[in-house]
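Report on the following structure.
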Amino acid sequence: MPAVRSSNKFRNRMVYHCAADRMLMTVYCGGCRRRVHYWASDLVKVLDQFHEAHDPPWPCSRCRSREYLAMTWHVPSAAELASGLTVRRPVKKIEKWIWRNERA
Ligand SMILES: [Zn+2]
């Protein structure tokens, strides 16, 4: 249910508003039809504080496109949760060294 967006970012719904309401965020790619669910409370941990709820946080993990992505939010029903809904959750943050060759 994306609301009407305002050009004033601070009038728009933020992911943290959705987290406060225990919402599920759904990212749907119209290009490859991949649909991924996230808990808003997980997304607030990894996104910047004022990330807007309608703004998909990253490109589609399957087709790498942002073009047909949409993020929506809703409170999952008991029936939806009981049906074995799959939610993508953060497991671990990885820090990685980047190496390059330099002249000695
Ligand atoms: Zn895609």
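The values are calculated or read from the model by the stated rules, or taken from the named source; none is laboratory data. Quick caveat: nothing in here was measured; it's all calculated off a predicted structure. Quick reminder, even Gly has a Cβ in these numbers, built from the backbone with ideal geometry, and neighbours come from all protein chains shown.
Among all residue pairs at least 6 apart or on different chains, which show Cβ distances below 8 Å where the first residue, located in segment 11-37, is without any contact (Cβ under 8 Å) to a residue 12 or more places away in the chain and the second is not in a helix (DSSP H, G or I)?
Short answer, once both residue conditions are applied: Arg35/Thr26; Arg35/Val27; Arg35/Tyr28; Arg35/Cys29.
Looking for whichever is modelled with pLDDT of 95 or more and at negative phi here; the options are Arg33, Arg22, Arg103. Which one fits?
Arg103
Out of the helices (runs of 4 or more DSSP H) lying entirely within segment 1-87, which hold 2 or more residues that are within 11 Å of the ligand (Cβ to nearest atom)?
none
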